[in-house]
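Beneath this line is the structure, given in structure tokens, with notes to follow.
The values are calculated or read from the model by the stated rules, or taken from the named source; none is laboratory data. From a predicted model like this one, the values you see are computed outputs, not experimental measurements. Cβ coordinates were reconstructed from backbone atoms using ideal geometry, including for glycine residues, and neighbour counts include every protein chain displayed. Surface areas here come from the heavy atoms of the whole protein model, side chains and all, with no ligands, DNA or RNA. Shrake-Rupley method; radii C 1.70, N 1.55, O 1.52, S 1.80 Å.
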Amino acid sequence: MLAAAFRDAYLSGDPVRLARVLAPDVLVVVDSGGVAGRPHGPADGLTAALTLLTVALGHPDGLGLEDCTVNGRPGLRASRGGRVVAVIALDGSPAIDRAWLVTNPDKLRRW
């Protein structure tokens, strides 16, 4: 349910809708592996989290978000043009209060 709510809100392109599925004190952590040009986190709080998510995942047009399990948590595999660009693990109830994004290309190879 968390993954579907995030997916639908993000792909809508509506930041207000996305904010509704995130807790006000949400923490977003990004593992970019220090690769230049890739966003990194953490972002603490709703405003910072919305900004980081938008930078890390990009515009919703052309973005695929497919349900998967990430380290035992509900999550999503994000892809563009058939290439995995991020893996997202989500936690919280009823709103998402933690999100972990892996954008490190070395760690995405197995996905």
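Things to note:
- Taken together, the criteria place R77 among residues that are part of a strand (DSSP E or B) and open to solvent by 20 Å² or more (accessible area, probe 1.4 Å).
- Against the numbered list (1) open to solvent by 80 Å² or more (accessible area, probe 1.4 Å); (2) farther than 21 Å from M1 by Cα; (3) not in a loop (DSSP other than H, G, I, E, B), A56 comes up short only at (1).
- Total residues in region 84-107 satisfying the condition of being of a type outside the set (A, V, I, L, M, F, W, C) and at pLDDT below 95: the figure is 7.
- Considering residues of region 59-96 that are in contact (Cβ under 8 Å) with a residue 60 or more places away in the chain and among the β-branched types (V, I, T) only, the residue farthest from F6 (Cα to Cα): I88
- Residue check, T69 out of contact with any strand residue (DSSP E or B) (no Cβ under 8 Å at 6 or more places or on another chain) and either modelled with pLDDT of 95 or more or in a strand (DSSP E or B) (or both): no
- Filtered residue count, region 6-50, keeping only those that are open to solvent by less than 40 Å² (accessible area, probe 1.4 Å), modelled with pLDDT of 95 or more and either assigned to a helix (DSSP H, G or I) or within 14 Å of A86 (Cα to Cα) (or both): 9
- Cβ separations smaller than 8 Å between residues 6+ apart or across chains give the following pairs from region 1-15 residues that are under 18 Å from G58 (Cβ atoms) to residues that are of a type in the set (D, E) and open to solvent by 10 Å² or more (accessible area, probe 1.4 Å): R7/D67; G13/D61.
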